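Participant: What follows is a single structure, and I will ask about it in a moment.
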Amino acid sequence: MTTLLILAFLMTAVLNTAGAQEVRPQEKPQEKPQAGDPLDGRVIVVDPGHGGTAEHDDFRVGPDGEREEWINLRVALLLQEMLEERGAQVVLTRTTDVAVELAERARLAVEQEADAFVSVHHNATADPGVNFPIVYFHGNASENQASVLLARAMADRMNQYLFNGRAPVSVVSDHTIFPTAGTGVLRHSYGIPGVIVEASFFTNPEEEQRLRDPEYNRLEAEAYVMALEDFFYQRRPEILEKYSTVQLPPFEVSQEAGRMADMARLWKQDYLEGKRLMKSDADMERALELLTRSVRSFPDSWVAGKAHAARAEIKQRLGKKEDAETIRRRVTEFYVVP
Ligand SMILES: [Zn+2]
């Protein structure tokens, strides 16, 4: 008995010493995957973006009159039904076409201690030819790895289900579009794996017609289910404190309405022309100008990460090493794909 007690005491002492010396990058262990249906018992907050805005904004509408908030709600309601069939507990932030505060949507996720927060959106831009999925996570990729994991799964599944796997995709930080603080819903629910998914662009006339079709909405909802399944099958890293590894200076970009301006249509042309001009040392400043205009007018496009990387290269060649380093860091933290 005494020997056992002494042994136990020694063991505790050894363990304590080991614990004190060890510097752990993550305080809590990673959440392990579970057996059975990965969706069973999960608390998932589904947030149909916007609502009740038909009276006072004219940019959240397709060329044929379909509104984003309507599409978002149709997809979210189908998604709720499918997830509940799989045993998940689903909380919707709205069930009708009404306005709900962003902080209120996030609060639901926090209160419910949600396993995932998924904000359902569809995108708009000045160029009607544009149509591809964009998925946002909050803050820095290195700190928010669980959300990056979910974002990647979403982008892959949207591409597979809606674009036959042939679309370019963007998986980017919400700081690319709201440089100082990111998006309200993801900021206020930080710590819960969360994404904003823009499955496709309703400003593309053919896509707008497809998005009106409930069967197409169902296909999109299926893509969400598959992505959530992919996510819950995996080991999910702990989410670290925001800005604990790096805080990048804001890079100002055009906001939603500004991105609908005529100049914004040149995003790809500006990128390609900038890359072409980079071949000559004499055109370096002009190349930088065009690449910068490309990222400002479409900061989450599938060329934006590459455009920033090219900007870093130009800064480096112009001898501005610190600027180059900041831009490279921005690419790593904000532009996960491509
Ligand atoms: Zn939206």
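Participant: Of the numbered conditions (1) within 16 Å of the ligand (Cβ to nearest atom); (2) over 21 Å from PHE298 (Cα atoms); (3) among the hydrophobic types (A, V, I, L, M, F, W, C), MET260 fails exactly one; give the number of that condition.
Facilitator: The number of the failed condition is (2).
Participant: Something else now. Would you confirm whether any residue within the stretch 103-110 is in the same structural domain as GLY52 (by TED's automatic domain parsing) and either over 22 Å from PRO193 (Cβ atoms) or among the β-branched types (Val, Ile, Thr) (or both)?
Facilitator: yes
Participant: A further question on this structure: What are the residues in the stretch 36-54 that are under 17 Å from VAL195 (Cβ atoms) and either within 16 Å of the ligand (Cβ to nearest atom) or not in a loop (DSSP other than H, G, I, E, B) (or both), if any?
Facilitator: VAL43, ILE44, VAL45, VAL46, ASP47, PRO48, GLY49, HIS50
Participant: Somewhere in the stretch 246-266, is a residue part of a helix (DSSP H, G or I), over 22 Å from ARG60 (Cα atoms) and over 21 Å from the mean Cα position of the chain (by Cα)?
Facilitator: Within the stretch 246-266 (the criterion being part of a helix (DSSP H, G or I), over 22 Å from ARG60 (Cα atoms) and over 21 Å from the mean Cα position of the chain (by Cα)), the answer is no, since none of the residues qualifies.
Participant: Is the stretch 100-121 home to any residue that is within 15 Å of the ligand (Cβ to nearest atom), outside any strand (DSSP E or B), surrounded by fewer than 21 Cβ atoms within 10 Å (Cβ to Cβ) and touching a residue at least 12 places away in the same chain (Cβ under 8 Å)?
Facilitator: yes
So that you can scan it fast, the table gives a plain yes or no per residue for (1) touching a residue at least 40 places away in the same chain (Cβ under 8 Å); (2) away from the ligand (no atom under 14 Å from the Cβ):
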residue	(1), (2)
HIS56	no, yes
GLY62	yes, no
GLU69	no, no
ASN72	yes, no
LEU77	no, yes
GLY87	yes, yes
VAL91	yes, yes
THR95	no, yes
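Participant: Go through the stretch 155-183 and count every residue that is over 22 Å from ILE327 (Cβ atoms) and in contact with a Gly (Cβ under 9 Å, 6 or more places away or on another chain).
Facilitator: The qualifying residues number 2.
Participant: Looking at SER254, is it among the polar types (S, T, N, Q), surrounded by fewer than 23 Cβ atoms within 10 Å (Cβ to Cβ) and touching a Lys or Arg at 6+ places or on another chain (Cβ under 7 Å)?
Facilitator: Yes.
Participant: A further question on this structure: If we scan the stretch 179-188, do we find a residue that is in contact with a His (Cβ under 8 Å, 6 or more places away or on another chain) and within 17 Å of VAL75 (Cα to Cα)?
Facilitator: no
Participant: Yes or no: LEU248 surrounded by fewer than 20 Cβ atoms within 10 Å (Cβ to Cβ) and either over 27 Å from GLN145 (Cα atoms) or touching a Ser or Thr at 6+ places or on another chain (Cβ under 8 Å) (or both)?
Facilitator: On the way: surrounded by fewer than 20 Cβ atoms within 10 Å (Cβ to Cβ): yes; either over 27 Å from GLN145 (Cα atoms) or touching a Ser or Thr at 6+ places or on another chain (Cβ under 8 Å) (or both): yes.
Yes.
The values are calculated or read from the model by the stated rules, or taken from the named source; none is laboratory data. Computed from a predicted structure; not experimentally measured. Ideal geometry is used to build each Cβ from the backbone, glycine not excepted, and the neighbour counts take in all protein chains shown.
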